[in-house]
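Novice: Mind looking over this structure? Questions follow.
Coordinate-derived values only; no laboratory data. Just so we're clear, the structure is a prediction, and the values are computed from it rather than from any experiment. Reconstructed Cβ throughout: ideal geometry from the backbone, glycine too, with neighbour counts over all protein chains shown.
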Amino acid sequence: MKRVICDTCIWYYLGDKTLHFDPDQEFELCCTYLNMWELITSNNLITNFKKIQNACKAIIEHCNTFILSSPFNHLETLANNKYYHEVTELFHIIEYIANTDKDEFLIDINNGVLENIIVQKSHTLNNFFVEQITSELIEYKNMLSKQKRTLKVQAKTNKIRIMSVDFQKNSIINELKNYNSLFNIDYIDENFWNNLKFYFESRLLFFYNYKHSSEMKIYKNDAVDLLNLVYVNFDCLYWTEERKWNNIFKEAQLDSFLYQQISK
């Protein structure tokens, strides 16, 4: 059975019945740490509780497998084969939201019962990665602008591709080192990058499109959506209905990783 990593919006769509998933012997849906983190830190918990609750119910109903390690710990595991703490309390909160009415939930919020996880959003994901990827986008844009002025026209495409690949690899390594100062970069090898093909190629094009589009805006959830791709490898597929991301995946020739391409 092939695992299907889901974009967080899929759980919303399954929850409100916009999408349907029929269990079979070929595919099983997988909920990630980031899916759960986005749901339990969403402002919709206060403004549209039913929407979050339905998404949580969809996870319980349809999800057969979970990835409970943070994306950064997951990257470390890919590098050194060590397994890190799994944040099981995230799933317990998903269960709690799915089975609690709004009034009781708001009482618990006011009493501080869920304050540590829901009210205090994870600084690692809410600030560290978003701020870092934003600064990297600016740095990347400046780098290409400077280099373009010095390159001959016929050499531009290949040269920019090489510079972009090197920049992204160094950025990912720096993100890991900033997250864990004890991380040993000697663990990074070709196998590590092979396992990150879907994430890396998508990230490469995401940055490139940002550089060449005067209208492209970067939002906080873009960074989280991008980071969710680290969980995808050659043994699974990815499911999203967002046109922006599907266009990036197809332009990057990553169609074979997409669930909807095979299932429709």
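Novice: Pop out the ³J(HN,Hα) list for the range 164-176 in order, Karplus 6.51 cos²θ - 1.76 cosθ + 1.60 with θ = phi - 60°, rounded to Hz; leave Gly and Pro as x.
Specialist: Once θ is set to phi - 60°, the couplings for the range 164-176 become 5, 4, 4, 4, 5, 5, 5, 5, 5, 4, 5, 4, 5 Hz.
Novice: In whole Hz, with x marking every Gly and Pro, tabulate ³J(HN,Hα) for the range 248-253 from phi via Karplus 6.51 cos²θ - 1.76 cosθ + 1.60, θ = phi - 60°.
Specialist: 5, 4, 6, 5, 7, 6
Novice: Additional query: Enumerate the amide H contacts of Thr32 below 5 Å, restricted to partners 5 or more residues apart or on another chain; note that Pro and chain-start residues carry no placed amide H.
Specialist: Cys6, Ile67
Novice: Continuing with the same structure: How do Arg203, Arg243, Arg3 rank when sorted from fewest to most other Cβ atoms within 10 Å of their own Cβ?
Specialist: Result, fewest neighbours first: Arg243, Arg3, Arg203.
Novice: Starting with the fewest neighbours, write out Val4, Val224, Val165 ranked by other beta-carbon atoms found within 10 Å of each beta-carbon.
Specialist: Arranged by neighbour count, lowest to highest, Val4, Val224, Val165 become Val165, Val224, Val4.
Novice: Moving to a separate point now. Can you tell me the relative contact order of the range 1-108? Whole percent, Cα pairs under 8 Å, sequence separation 6 or more.
Specialist: Answer for the range 1-108 is 29 percent.
Novice: Could you give the nm distance between label points at Asn81 and Glu242, where each point is 7 Å from its Cα heading toward the beta carbon?
Specialist: With each label point 7 Å from Cα toward Cβ, the separation is 3.4 nm.
Novice: Output ³J(HN,Hα) for the range 18-32: one whole-Hz value per residue in order, computed from phi by the Karplus curve 6.51 cos²θ - 1.76 cosθ + 1.60 with θ = phi - 60°, and x for Gly and Pro.
Specialist: Rounded to whole hertz, the list is 5, 10, 10, 10, 9, x, 8, 8, 9, 10, 9, 7, 10, 9, 9.
Novice: For Thr65 paired with Asp255, estimate the spin-label separation in nm (one decimal), with each label point 7 Å from Cα along the Cα-to-Cβ line.
Specialist: 2.5 nm
Novice: Right, here's the next one. Which peptide among 46-59, 96-109 comes first, and what is the full order, when sorted by highest mean count of other Cβ atoms within 10 Å?
Specialist: Listed from highest to lowest mean packing, they are 46-59, 96-109.
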